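I have placed the structure first, in the form of structure tokens, so that the comments after it can refer back to it.
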Amino acid sequence: MIGKPTSLATRALLTALAASGCATLVSRSLPARPPRSAFVVDPFANADCRRTTAGRRGVGYMRLDEAVDDPALLAELAGVPADVRRVARAAGLERSLIELLRAQATPAERPLELLAARLYVVTRIAALEIELDSLLFEADCYDEQVETVLLELERRTRKQQMSLTIASTAVSAIAALGAGLWELRRTDSDGPAVLGITGGAAAAALGFAALAPKRDRIVFAHERNLFPPIVTGEDPERLYPPFVFGLLTTPKTAEESTPREQLLADWQHIIRDTFAPPDRALAEAVLYSTGGTYDGALVEVRERMYDALKTQLNAINRDFEVLYRFTTHLLGDAKPP
């Protein structure tokens, strides 16, 4: 009769632990008053990451020259490599390159035009590179912010595991000591056995709790979110400089998908790899919104998604280096007026 109730109590305790571990903590809403146990990400940290040229300021947000579609003008760019043409088109520099090539063809006849064209192209490329570097800084800052949250969650997990492990050891020792002292009284009672079994069950439950993954509740507001423009393919708030977004939504070759499509595929793989099908829609709703309540797994997913975004932005940076090298070579070949 003693073993059965104890077994039922142990099962009930383990069931409760399992249920609490599986209960969803993720929510699209930001609580008016965060729970005391929740970790609240400082909303001012996002503000610190925001670049000063975001929105409609900065050279990268100026009106770009329209792409060249006139066959006669396109013929003048025939000697420009395709990868350079792609970046120049996104940066609104096709017409400027044409003017530069024309001026360099007859430098003695058009010295002022050549000087103006060279200065404009060099200044424009340098300014766009600064905008791109600024965007990379912002994405990297957001990524480091998420990594800081993960480090804090890891610290809390270690602290909880240590506390539960110490408690489990203490309960086991106290139960063993109590049962031993009771046994020394040489009574016919089943008390020592009951105490030993109960103490062992409690110590085991605490041990299981220490090993069980900790489900943290994180209140994370991110009003400025770089993810939605990638998902929708539109950037009405101009979170990205237009030339960067143009490169993200333009395939490098006719056979390739766009960098945006490749990034979306990476993100979907990360989400599928982490969450079961019933939980994916909610995870995406929180990730692509202005904030909500996260758990540790969703924070880790956000960090991995930022890594994938930075990879694509660094690829654009390399594309810009191709344009810069071509332009440097072009200017180096030009005779001074």
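Using 0.36 nm per residue, how much length does the chain from Phe44 to Ser134 gain when fully extended, once their Cα-Cα distance is taken away? Write down the numbers at each step before the final one.
Details: separation 90, 0.36 × 90 = 32.40 nm, distance 1.87 nm.
Contour length minus Cα-Cα distance gives 30.5 nm.
Sorting the Cα pairs of region 234-337 by distance into bins of 10 Å, from 0 upward, gives 12, 34, 29, 15, 6, 4, 1 percent per bin. Put Arg238, Arg86, Arg28, Arg304 in order of accessible area, highest first, and with a 1.4 Å probe you get Arg28, Arg304, Arg238, Arg86. Projecting label points 7 angstrom from Cα along Cα→Cβ for His269 and Asp65 puts them 3.9 nm apart. The average projected area of region 251-308, computed from the convex hull of its Cα atoms over all directions, is 4.6 nm².
The values are calculated or read from the model by the stated rules, or taken from the named source; none is laboratory data. These numbers come from a predicted model, not from an experiment. Don't worry about glycine lacking a Cβ; one is built from the backbone with ideal geometry, like all the others, and counts go over all protein chains shown. Quick note on the areas: whole protein, heavy atoms, side chains included, nothing else; ligands and nucleic acids left out. Shrake-Rupley method; radii C 1.70, N 1.55, O 1.52, S 1.80 Å.
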